[in-house]
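This report concerns only the one structure given below.
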Amino acid sequence: MFQSLSDRLSQSLRNVTGKARLSEENIQETLREVRMALLEADVALPVVKDFVESIKQRALGQEVMKSLSPGQAFLKIVQDELETVMGSANEGLDLATTPPAVIMMAGLQGAGKTTTVAKLAKLLKERDKKKVTVVSADIYRPAAIKQLETLAAEVGADFFPSDAGQKPIDIVQAAVAHAKIQFSDVLIVDTAGRLAIDQEMMKEIAELHGAINPVETLFVVDAMTGQDAATTAKAFGEALPLTGVILTKVDADTRGGAALSVRSVTGKPIKFLGVGEKTAALDPFHPDRLASRILGMGDVLSLIEEAEQKVDKQKAERLARKVRKGQRFDLEDFRDQLQQMNNMGGITGMLDKLPGMGNMAQAAQNLDMKMFARMEAMINSMTPDERRRPELIQGSRKRRITQGSGTQVQDLNRLLKQHKQMQKMMKKMKGGGMEKMMRGLGGMGGAGGPGGMGGGPGGLPFR
């Protein structure tokens with residue numbers, strides 16, 4: 001996420017953090033590089049100018065002059081200004097109204113609105129324990145209604161059916177009545193994708209908004225469009241009273257122009273980030289945490305929150321007990337760890353949030369991302385006895401397992417080798433204790449390539 005921006009800023013700031021004294025002369029070059037990094041990241045020009053000027057004024061002020069380590073103070077200023085540009089704090093949804101609280105989603109075609117509706121429904125259902133109804137008022141795109149119905153079933157949300165022959169206003173008014181009968185806490189309305197220049201479509205969505213008076217009107221926009229995302233959001237904001245923005249496809253955006261421009265250009269807060277294709281891949285937007293990640297400092301708080309929400313605590317505790325007692329770590333335990341890692345966004349998702357691991361996360365993306373699926377398929381193709389006693393897997397058993405999972409014998413040999421490494425690590429951790437765990441993790445750094453990375457999941461007994 002925003003890797004090219006992060007790399008450029010980190011390189012620029014490295015030149016100034018060791019300075020014993022800061023002056024206009026010795027920060028000038030750094031500020032020029034920061035400006036270039038932001039422009040290359042497709043941040044809006046007015047935002048870049050204000051950002052650099054604010055840093056300059058504060059860097060030459062008393063807070064830095066009196067600091068014992070001016071370079072570090074300068075870095076803190078850059079972090080503070082990044083947070084200010086993106087919005088000083090997380091702004092959640094305001095659902096304090098008589099149920100159902102109506103959330104309306106607007107945006108361009110292809111921005112990912114329908115998928116985001118399902119992601120938001122899942123988040124509200126699981127995190128906030130809300131009963132959610134979803135409805136599609138998109139009567140223009142073929143299969144849009146069916147797509148939402150499928151996604152609603154996947155996330156366990158109540159789906160209100162609609163038809164392409166109906167009028168959008170009639171659809172949403174009927175959905176509101178249905179949500180009241182169902183005692184739903186929230187109704188999320190998916191609208192048709194439209195262009196700001198399409199006057200008829202913009203008029204229709206404005207009328208739709210007036211008919212249902214939603215408590216939240218969220219603009220869904222593709223982060224990869226850079227500062228165009230902010231410009232489009234501003235145009236929509238002139239037709240609709242937007243309450244916030246959801247940036248999608250952020251995980252694929254190496255630049256970060258949208259995240260750094262939207263708040264300043266539109267005056268509307270970013271409320272969520274779409275960070276993947278899975279229905280669980282929607283994160284609340286925390287400016288302070290993202291600023292930390294952009295500067296290569298990681299985001300451990302989000303990682304902890306993710307672990308709390310997505311890790312199966314019963315399985316984790318069962319494995320922790322086995323480790324403490326020195327019991328055998330078998331292939332079923334290994335499969336559980338793979339599943340836990342997948343729930344946390346895989347290797348890339350975790351490394352991206354750890355301080356100084358941004359480059360490793362980028363390298364992990366180059367690995368075969370189907371690796372975990374293949375490993376799980378091989379374990380599923382084994383008998384229960386083979387999972388408990390991997391030493392049984394020889395000769396004809398290997399052929400049977402690889403044929404059943406559609407893999408090669410060398411894939412299975414690599415899996416068994418990784419499992420053996422995991423077993424050794426678990427033995428070292430017998431009796432528990434963070435020190436032993438950290439010593440085990442320290443040995444992972446030397447294991448290069450897919451085999452080494454594969455050591456991660458089993459080596460991290462989530463608790």
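The values are calculated or read from the model by the stated rules, or taken from the named source; none is laboratory data. Since the model is a prediction, treat every value here as computed from it, not as a measurement. For the accessible areas, the whole protein counts, side chains as well, though only heavy atoms, and no ligand, DNA or RNA atoms are used. Shrake-Rupley method; radii C 1.70, N 1.55, O 1.52, S 1.80 Å.
Structure data summary
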item	result
Heavy-atom accessible area order for 162, 396, largest first, 1.4 Å probe	396, 162
Residue-level accessible surface for residue 88, protein heavy atoms, 1.4 Å, Å²	100
Region 131-279, accessible surface, carbon-and-sulfur percent (1.4 angstrom probe)	54
Accessible area (Å², 1.4 Å probe, nearest 10) - residue 383	50
